[in-house]
1. Which whole-percent values make up P(r) of the stretch 147-227 when all C-alpha to C-alpha distances are grouped in 10 Å steps starting at zero?
2. For the stretch 114-181, what percent of Cα pairs sit more than 20 Å apart?
3. Rounded, prolate or oblate: which one fits the stretch 24-113, using the alpha carbon gyration tensor with axes a ≥ b ≥ c (rounded when a/c is under 1.5, else prolate when a/b beats b/c, else oblate)?
4. Go ahead and run the numbers for FRET between residue 23 and residue 232, Cβ-Cβ distance against an R0 of 51 Å, rounding to 0.05.
5. Express in nm, to one decimal, how much length is gained between residue 249 and residue 123 on full extension, taking 0.36 nm for each residue of separation and deducting their alpha carbon distance.
6. Starting with the fewest neighbours, write out 295, 229 ranked by other beta-carbon atoms found within 10 Å of each beta-carbon.
7. For the pair residue 112 and residue 156, what calculated FRET efficiency results from E = 1/(1 + (r/R0)^6), where r is the Cβ-Cβ distance and R0 = 35 Å, to the nearest 0.05?
8. Counting other beta carbons within 10 Å of each Cβ, put 171, 119 in order, fewest first.
Ligand code: SF4
Ligand code: SF4
Ligand code: FES
């Protein structure tokens, strides 16, 4: 054994054999053949090769209930379009993501989602990074066919110490419920009522106050959940994002740190960590990590202690626009 000097060798237990390479399957997507590891979610596979399949309820870090029906694709041999977020790839599968039938059902589902949506975009914190806005412009962009009379729901619901809910903007995707159930393991949110009266609400006797509650704001694909400390503070296209590490505890979860360019928002950086994945099309703040930061970690800045100039140069070298709009601002020199 090589001399390790004054240091003792640790971890001398049995060495684990390397994992065998994953079994690959061949899938034909829009006429082109591709290989993916067995078990890959079809939505991930389609978007990995640039098919740009939209989605709302899918999130890489959560289970897939397939409730929004926005990711429907045609699979050869299936009598009707299938939700790609709920379907694993299989060998010799043939998928059409842009067949007339798949595009038509997606447009119909989008129209259905928008029937009672308030279209608050000019005053909505999510404008510029909202999946509903993006899919509308990408896949539909038609005038509404309803008469303008929409079902009214509560606009400002205080559901916890950090978060405000707008029930009209909620598209009932259940991502926030799954964060509570699967990450925080506490059932604090649920759906109430049915049909066009269905609303997100807190479970009886509960508030949204679990230690991971701000992750619900991150995963919400629309502007239904807003953090009290960030609400109405700035627009998404004023923000830049860079990879960072949470200094909240010894785990050091990976995350995106987001800041405004000018004036510099030093200790109030909006911070998120999402495993959105599935897309070049989804939330532009796609951190590679699927870690879920605790609320306490968010209130401490990874850059705290660094000088204003140091922080600025770090963002300038790693910056990435947060919004799916083209960035309108340049970083201050
Ligand atoms: S949630 Fe999206 S579509 Fe709805 S008002 Fe906000 S930005 Fe507009
Ligand atoms: S509040 Fe957001 S995350 Fe929760 S169900 Fe509604 S749209 Fe989905
Ligand atoms: S049904 Fe697939 S993303 Fe919602």
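Coordinate-derived values only; no laboratory data. What you see is a predicted model, and the numbers here were worked out from it, not measured in a lab. Positions of Cβ are backbone-derived with ideal geometry, glycine not excepted, and every protein chain shown enters the neighbour counts.
1. Computed distribution, short to long bins: 19, 57, 20, 3, 0.
2. The share of Cα pairs beyond 20 Å in the stretch 114-181 comes to 36 percent.
3. Here the stretch 24-113 falls in the oblate category.
4. So the FRET efficiency works out to roughly 0.55.
5. Extra length from residue 249 to residue 123 when fully extended: 41.8 nm.
6. In order of increasing Cβ crowding within 10 Å: 229, 295.
7. Calculated transfer efficiency: 0.85.
8. 119, 171
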